[in-house]
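A.B. asks: Dropping a structure here in structure tokens format, bear with me for questions.
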Amino acid sequence: MHRVGSAGNNNNSTRPRKEKRLTYVLNDADDTEHCAGVNCLTVLKSSVSDGCDYLFTGSRDGTLKRWTLTEDAASCSATFESHVDWVNDAVLIGDNTLVSCSSDTTLKSNVVASGGLGGEVFVWDIEAALTPISKSSDAMEDECSNGVNGSGNPLPITSLRTISSSNSISAHTNQSQGYVPLAAKGHKESVYALTMNDSGNLLVSGGTEKVLRVWDPRTGSKTMKLRGHTDNIRALLLDSTGRYCLSGSSDSMIRLWDLGQQRCVHSYAVHTDSVWALASTPTFSHVYSGGRDLSLYLTDLATRESLLLCTGEHPILQLALHDDDIWAATTDSAVHRWPAEGHNPQKVFQKGGSFLAGNLSFSRARVSLEGSTPVPVYKEPTFTIFGTPGIVQHEILNNRRHVLTKDTAGSVKLWEITRGVVIEDYGKVSFEEKKEQLFEMVSIPAWFTVDTRLGSLSVHLDTPQCFSAEMYSADLQIAGKPEDDKVNLARETLKGLLAHWLSKRRQKPGSQASVNGDVLTGKDITPRSLTHSRIEVDGSAENDSMVYPPFEFSTVSPPSIITEGSQGGPWRKKITDLDGSEDEKDFPWWCLDCVLNNRLPPRENTKCSFYLHPCEGSTVQILTQGKLSAPRILRIHKVVNYVVEKMILDKPSDGVNPDGAFGPGLTGGPLQHSSIGDGSFRSGLKPWQKLRPSIEILCNNQASELHFTYDWFCPLVSVLLPDMSLATVRAYIWKKPEDLVLNYRMAPGK
């Protein structure tokens, strides 16, 4: 459901191929705040006089939140996390059903309905969604009384589940995780807006198809399709009887539809740009509208009289009337409350400044250009629910572990994506200058991609390319591991992400240990996961589930996983909310095979081929005429070790043999592919090192570009750092598609 694909550093969104991707979303902020624009609002009035009213908000960060409202305050009392893309709209049916729709094409109901970019609509039963299913009734009562859920969070964080059916709404159980919302499918493209009448027997949806679709939510059947708008439908309203419907569109028009007659009866040109939000008075006599022009208008549907209530700094995404106030959500993740006189809107018109709405989309734009722009009635909101600044710019650094970001407040931060934390907050500095300062001459394969579509960092792991990057344990500063051990970054990252899941899994009854000590149940052992021809065992990794410090994820602000298995479709959940019951139906098989069985999918060649020749004009001996092969991460000082050892230990008395074969130490002829192991030369002096050889390694015979002196009894003196890898030399010095050529010579004066 989550269209979070991107290559490199662009923000384009594409839906990943099933079972090929695992995404994790990072967040360093309080979970009680949205970190992206709020697309939808809906108010639930208390049925008792002294009860609390609730405000539900759905955001572009993919979550829905419930706010407990008092006269001068609003506190987040629940977070619903299920959509894997933007939550575009949400409506309440009665007191307990919330329906949300998302860009993930799903619609979820609680019973609330939600819809999104994915094209699905979900209907949620709020009470069922908030009830823990794995606890006893006594335990539930205890936790509810304390306001704490099973994971220790002070707020219930609930997964809203999807119901999928072609052109129908149906209920199903999702991934053995309890309550699942209803899903309605029928839209071929993104769903932007939903509305439902009070009795809950009529649902209207609209989106990029420019038409209104009318549904019976009880049976899932479509009853009609209405055409008239010339651009995306962004907002919808139904009156209490279900006869009249208001729609707002990116064509800047508001239209009033008579569903009984199945036609548009009035058009209102109030805005100068896209209409994104609508709210009506209880009698459906007046409509409040907001949109891309930053303005909130009040319009009398009978007289066509309009009034500008207020203007802001950001486009208005959604409106919700609450007694005599109106809540307005904007693109900056904040929600503002303005005076509205909802019970008697004529009071506002008495303040003056009204105008008549036209019926052509260009009429308001023409009035605006003529200099007669109306003056807003109100200057400041009476209350604001603030959000967290969302990330709008990012750059993956060359070390492939750090990502530099900039948010809407201008703050620049450095993230370590293998731990999911911010390691440096630079404040409001130049993003480009900081990026230049952090540049490193290092070449590591692009093993992940990133986008900021949800206002946070979404890190995507796609098989098999995610397993292409390795580093030495010494470079990662992993204590207790040999410094030359190679560490696969994706494998260790997956272990860190699923550490809580593994812990819960071990506690499940009837489980059996896998080959590396992890828990493996019978249903995990599938023909695909045991097909060795499709995988390779990571023999360099230890057979345990230990999570090393560079890959330990925060439990204070845990990331959320977005993925899908062989059944059930995409899902989203925090890593600390995984209960250990998830299996191959929920996770990609390659992910489980990596974490549980220590096996990696086939990867591209991780070797680097190169030639090692004496410098032109040098009198040093020719060690080899053939092509050599070594890991891409092999350091240059290992090449020096090889040269020195061959010169001292393997020097043939008469040079190269007549048949062209190499002397002792290398096998095969000059065209054979010999290997240099990254563990061949360990630290520590050997007897032959007392000869104090000093070697220079060059590329393209340019000592000024690539040059360092290696002395066994003196510190390394280098222009090219000795820990530079073969991949780095190839990328930044060699810069050619042909096999790398390195040259060696005795250091001048030696």
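Read the figures in this text as sums done on the coordinates, not as results from a lab. Note that the structure is predicted; figures quoted are calculated from it, not measured.
A.B. asks: How long, wide and thick is region 276-366, going by the Cα atoms along their three principal axes, in whole angstroms, largest first?
C.D. replies: Dimensions of region 276-366 along the principal axes of its Cα atoms: 34, 32, 21 Å.
A.B. asks: Any idea how far the Cα center of region 429-444 sits from the one of region 186-217, in Å?
C.D. replies: 47
A.B. asks: My understanding is that a pair violates if its Cα-Cα distance is over 24 Å; which of Lys65/Lys379; Lys508/Lys585; Lys486/Lys508; Lys434/Lys735 do that in this structure?
C.D. replies: Exceeds cut-off: Lys65/Lys379; Lys486/Lys508; Lys434/Lys735.
A.B. asks: Would you mind checking which residues have amide H under 5 Å from Ala235's amide H? H placed 1.01 Å from N; only 5 or more apart, or other chain.
C.D. replies: Gly248
A.B. asks: Asp324's amide H: which non-local residues (gap 5+, or another chain) put their own amide H closer than 5 Å, with H modeled 1.01 Å from N in plane and none for Pro or chain starts?
C.D. replies: Under 5 Å from the amide H of Asp324 lie the amide H atoms of Gly342, each far enough along the sequence or on another chain.
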